[in-house]
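A short worksheet on the structure shown next.
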Amino acid sequence: MGIVAGRGYARVVEPTLVYAQRRTYVILLLACLMFVAIGALLIYDPPAKGISLPYAVIGMVFFGLIGAYCAVRLIRRRPLLVIDTDGITDRASAVSAGRLRWDQIEAVTIYSVRGQRLLGVIPVNAAVVPEGSHRAWRVAREINWGSGQPPIAIPELPLPYALETLIDVMRRYNPRLAVSRDG
């Protein structure tokens, strides 16, 4: 909870909790189960000797891990984002950024990578490491900075509304939030 000063008064502002659309994770989980089944079928009855075995095992492991992540998201219903007067807490992906205060955020921008829309969060400087960030996020941050993308990316796919609406919600807590148009 935060406190926002108004005209001669202070009011308590509840944080906004943004939850994932359950159907997104259900669809992803079913797709992963299908690919794991195809991998098992390729191991059980390979179309050619030896060629499909490594691909089948890699596919089963890869899609099995993604499927497990989706299952955990369905079972443990936690918010993807928490937005409050102090900042945002990003838990929108397996390697999320963690907690960012508003004074650590220079701007946000909407951009696309291979057809997927993302909200990029641009920190005030490259040295900003959000509280609770994963070690894998730090590696992803370096890759994103190197490719010219914002280091923090929140995917639109699991969100219950468009990124433009998310920016509007963020601006309720931080009216000075800058939106970069060159993402």
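Values in this text are rule-based calculations from the coordinates and carry no lab data. Just so you know, these numbers come straight off a predicted model, no measurement behind them. Backbone-built Cβ (ideal geometry, glycine too); neighbour counts: all protein chains shown.
Side notes on the structure shown:
- Around the amide H of Val113, modelled in the peptide plane, lie the amide H atoms of Leu118, all under 5 Å away and 5 or more residues distant in sequence or on another chain.
- For Glu106, the amide hydrogen comes within under 5 Å of the amide hydrogens of Ile122, Val124, counting only partners 5 or more places away or on other chains and with H modelled in the peptide plane.
- Calculated from backbone phi, Karplus (6.51, -1.76, 1.60) coupling profile of region 83-94 in Hz, x at Gly/Pro: 10, 9, 5, 8, x, 10, 10, 9, 9, 7, 8, 5
- Length gained when the stretch Gln21-Ser112 is fully extended (0.36 nm per residue, less Cα-Cα span): 30.7 nm
- The 3J(HN,Hα) values that the Karplus relation (6.51, -1.76, 1.60; θ = phi - 60°) gives for region 160-171 are, in residue order, x, 8, 5, 4, 4, 5, 4, 4, 4, 5, 4, 6 Hz. Gly and Pro appear as x.
- Annotation for Ala40 and Leu177: the two label points, set 7 Å from Cα along the Cα-Cβ direction, are 4.3 nm apart.
- log10 of Debye I(q)/I(0), alpha-carbon scatterers only, for region 22-75 at 0.15, 0.30, 0.32 Å⁻¹: -0.42, -1.04, -1.12
- Among Ile66, Ile38, the order by Cβ neighbours within 10 angstrom, fewest to most, reads Ile38, Ile66.
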